[in-house]
Amino acid sequence: SSSSSSASASDAHPWDIDDFVVDDMVVVRHPTRPGAFCVGKIIHVDYESLELSIHYWGSSSANLLTATLKPEFFDPADQKSLFTDRPLARHSPALSLFSLSDVLAPSFALTRRKTIPPFLLRDLARL
């Protein structure tokens, strides 16, 4: 079940669906951990339902200042998630659907080193 199932069209949010473009990165509420967030790449924008399909990105590093982000995949062989730029054929992308009310910050681009930009880290620290 997606995190958007509890969202309604009347949810207040400052975003316009036209602000989001495929291949931009976005920060969204974590679907199961209150107060936590996720980072992902937009893979589809649904202009009718006002929902974003996101491919999760993450890092094994706990330090967000220096963490290099990579796409997240699920490996059915060992039932674990992994972050890699080179998934095997058996790996499936970690995807989810989010409503605009789940978006916590404007869409952005990673730095050249695939890290979260400093301005965004400052904004996220205030959440």
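The values are calculated or read from the model by the stated rules, or taken from the named source; none is laboratory data. Computed from a predicted structure; not experimentally measured. All Cβ positions, even for glycine, are placed from backbone atoms using ideal geometry, and neighbour counts span all protein chains on display. Accessible surface is based on the protein model in full, side chains and every heavy atom, while ligands, DNA and RNA are left aside. Shrake-Rupley method; radii C 1.70, N 1.55, O 1.52, S 1.80 Å.
Summary table
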| quantity | calculated |
| --- | --- |
| Dipole axis of the chain (+1 Lys, Arg; -1 Asp, Glu on Cβ), positive-most option in 39, 84, 26 | 84 |
| Prolate/oblate/rounded call for the chain, Cα gyration tensor, a/c under 1.5 rounded | oblate |
| Length-normalised contact order of the chain in % [C-alpha pairs under 8 Å, at least 6 apart] | 28 percent |
| Solvent-accessible area per residue, Å², over the chain with all protein chains present [probe radius 1.4 Å] | 61 Å² |
| CD proxy at 222 nm, helix term only [per DSSP H run n ≥ 4: -39500 (n - 2.57); per residue of the chain; nearest 500] | -1500 deg cm²/dmol |
| Three-way shape call for the stretch 46-91 based on the alpha-carbon gyration tensor, with the a/c threshold at 1.5 | oblate |
| Dipole in debye (nearest 20) - the chain, about Cα centre, beta carbon charges: Lys, Arg +1; Asp, Glu -1 | 780 debye |
| With every protein chain in place, the chain: carbon and sulfur % of accessible area (1.4 Å) | 53 percent |
